[in-house]
Amino acid sequence: MNVEIRPAGPEDAPAILDLIRQLAAYEKLSHEVKATAERLRWTLFPSDGKPAAECVLALADGEPAGYAVYFTTYSTFLAEPGLYLEDLFVRSEMRRRGIGRALLLHVARLANERGCGRMEWTVLDWNKRAIDFYASLGAQTLPDWRVCRLTGQALARHKGPEN
């Protein structure tokens, strides 16, 4: 099996969407997927050249096998940029072949090349295989931190300056 990791382009939006839907199904979150191929093109490959995030695809023998989506963050404590790994996913039938490792290490290399002081991501607490995999690469699970999120109506409530 020949595996290639390359930056995704606008023409890859349908394949990325398919992989996102597979990730959501795996995480039992299919009901939350609102993404469309057109919206992915608009946010990942905008005409102004300022994408909301970046995406790389892993191709196995030329077919999409997985992807990673990441974006720049900033650490005030380090006074350095970081990379946040939003998604890392490999199709179920392609797992255990080193593709996830290759994707994660590809993004880690980018973080190093860009002078980032850290790379972070979240993992579901029930996903022991992923937790063990990340630990094998030296990643720490931060037990004292919890993800907070404003979305939908809760976020929209705060549109004005004095909400």
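For region 1-27, a residue qualifies if it is among the β-branched types (Val, Ile, Thr) and out of contact with any Lys or Arg (no Cβ under 8 Å at 6 or more places or on another chain), and the qualifying residues are Ile5, Ile16, Ile20.
Looking at this structure, is Leu29 surrounded by fewer than 15 Cβ atoms within 10 Å (Cβ to Cβ) and either within 17 Å of the chain's Cα centre (by Cα) or not β-branched (Val, Ile, Thr) (or both)?
Details: surrounded by fewer than 15 Cβ atoms within 10 Å (Cβ to Cβ): yes; either within 17 Å of the chain's Cα centre (by Cα) or not β-branched (Val, Ile, Thr) (or both): yes.
Yes: the conditions hold for Leu29.
The combined condition, being more than 18 Å from Phe133 (Cα to Cα) and either under 14 Å from the mean Cα position of the chain (by Cα) or of a type in the set (Asp, Glu) (or both), is fulfilled by Asp18.
Scanning region 22-47 for residues being free of Cβ contacts under 8 Å to residues at least 40 places away in the same chain, within 19 Å of Val123 (Cα to Cα) and outside any helix (DSSP H, G or I) gives a total of 3.
A short reminder: the numbers here are calculations on the coordinates, not readings from a lab. Since this is a predicted model, take the numbers as computed values, not measurements. Cβ coordinates were reconstructed from backbone atoms using ideal geometry, including for glycine residues, and neighbour counts include every protein chain displayed.
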